[in-house]
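A.B. asks: The structure follows.
The values are calculated or read from the model by the stated rules, or taken from the named source; none is laboratory data. Being a predicted model, the structure only gives us computed values, none of them experimental. Reconstructed Cβ throughout: ideal geometry from the backbone, glycine too, with neighbour counts over all protein chains shown.
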Amino acid sequence: MNFEQQCTIPATREQLWDFLMDVPSVATCVPGVQSVAPRDDGQFAGEMRIRVGPISLTLQGVMSIQERDRDNWKASMHGEATDRRVGGGLNATAQMTLLDQGAGETRLVIQTDARLLGKLGEFGQPLIRKKADQMMAEFARNLAARFQ
């Protein structure tokens, strides 16, 4: 399942880049994230609680920044998480691009390729897309509030 989501953040590209590359800090803006901790291998372990339709999930997993290209304002991240209780999971890669909008604003474009496994994969695409859009809107609000 592929998504593309965009939002405008009231910050310069430099400010936004520095914040987004600090995984524990940016995690505080992601809806449902309960914890994030760096691991010795450069990855981050975390836990996220979300509700998709009638099911509440507690996803536990790891994520890493695979590419950082500050010259072109692009980065890619990969994450894998599972919910042991429900028996579902998620495997996702996200490409992030920062576009200068002038006047101290930056457009954040995130393209995600997600594979939903187990029970989570049984939900229809419209329901998953709606949840992803809701989470992105809340993330954008939380991120914008950090720079105001």
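Here's the yes/no breakdown for (1) touching a strand residue (DSSP E or B) at 6+ places or on another chain (Cβ under 9 Å); (2) small (G, A, S):
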{"site": "M21", "(1), (2)": "yes, no"}
{"site": "R39", "(1), (2)": "yes, no"}
{"site": "G53", "(1), (2)": "no, yes"}
{"site": "Q60", "(1), (2)": "yes, no"}
{"site": "D69", "(1), (2)": "yes, no"}
{"site": "A81", "(1), (2)": "yes, yes"}
{"site": "G88", "(1), (2)": "yes, yes"}
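A.B. asks: Hey, any hits in segment 61-77 for a residue that's surrounded by 18 or more Cβ atoms within 10 Å (Cβ to Cβ), more than 30 Å from P10 (Cα to Cα) and of a type in the set (A, V, I, L, M)?
C.D. replies: Within segment 61-77, none of the residues are surrounded by 18 or more Cβ atoms within 10 Å (Cβ to Cβ), more than 30 Å from P10 (Cα to Cα) and of a type in the set (A, V, I, L, M).
A.B. asks: While we're looking at this one, here's another question. Consider G118 carefully, then state whether it is touching a Gly at 6+ places or on another chain (Cβ under 8 Å), surrounded by fewer than 18 Cβ atoms within 10 Å (Cβ to Cβ) and more than 27 Å from Q148 (Cα to Cα).
C.D. replies: It is true that G118 is touching a Gly at 6+ places or on another chain (Cβ under 8 Å), surrounded by fewer than 18 Cβ atoms within 10 Å (Cβ to Cβ) and more than 27 Å from Q148 (Cα to Cα).
A.B. asks: For segment 17-69, give me the residue count where each residue is polar (S, T, N, Q), closer than 27 Å to K130 by Cβ and in contact with a Ser or Thr (Cβ under 6 Å, 6 or more places away or on another chain).
C.D. replies: Of the residues in that region, 0 qualify.
A.B. asks: Where residues in segment 125-148 are among the aliphatic types (A, V, I, L, M) and surrounded by fewer than 16 Cβ atoms within 10 Å (Cβ to Cβ), which of them is nearest to G104 (Cα to Cα)?
C.D. replies: A145
A.B. asks: Could you check how many residues of segment 81-136 are under 13 Å from L59 (Cβ atoms), assigned to a helix (DSSP H, G or I) and at pLDDT below 90?
C.D. replies: Qualifying residue count for the region: 4.
A.B. asks: Scan segment 91-115 for residues that are surrounded by fewer than 14 Cβ atoms within 10 Å (Cβ to Cβ) and within 19 Å of M77 (Cα to Cα) and report the count.
C.D. replies: Summing the residues that are surrounded by fewer than 14 Cβ atoms within 10 Å (Cβ to Cβ) and within 19 Å of M77 (Cα to Cα) in segment 91-115 gives 3.
A.B. asks: Collect the residues in segment 117-145 that are over 11 Å from Q5 (Cβ atoms) and in contact with a Phe, Trp or Tyr (Cβ under 7 Å, 6 or more places away or on another chain), keeping them in residue-number order.
C.D. replies: Selection gives nothing.
A.B. asks: Is it the case that L57 is not in a strand (DSSP E or B) and not β-branched (V, I, T)?
C.D. replies: no
A.B. asks: Then there's this: Within the group A75, A140, which residue is within 18 Å of the chain's Cα centre (by Cα), outside any strand (DSSP E or B), aliphatic (A, V, I, L, M) and closer than 18 Å to F19 by Cβ?
C.D. replies: Of A75, A140, the one residue that is within 18 Å of the chain's Cα centre (by Cα), outside any strand (DSSP E or B), aliphatic (A, V, I, L, M) and closer than 18 Å to F19 by Cβ is A140.
A.B. asks: Considering each residue of segment 20-39, count those that are small (G, A, S), in a helix (DSSP H, G or I) and loosely packed, with under 14 Cβ neighbours inside 10 Å, and give that number.
C.D. replies: Going through segment 20-39 one residue at a time, the tally reaches 1.
A.B. asks: Let me ask something else. Among the residues of segment 16-36, which ones are more than 13 Å from the chain's Cα centre (by Cα) and either among the aromatic types (F, W, Y) or under 11 Å from G61 (Cα atoms) (or both)?
C.D. replies: Those that are more than 13 Å from the chain's Cα centre (by Cα) and either among the aromatic types (F, W, Y) or under 11 Å from G61 (Cα atoms) (or both): W17, F19, S35.
A.B. asks: Could I ask something else about it? So, in segment 40-57, how many residues would count as being over 23 Å from R115 (Cα atoms) and buried (at least 18 other Cβ atoms within 10 Å of the Cβ)?
C.D. replies: 0
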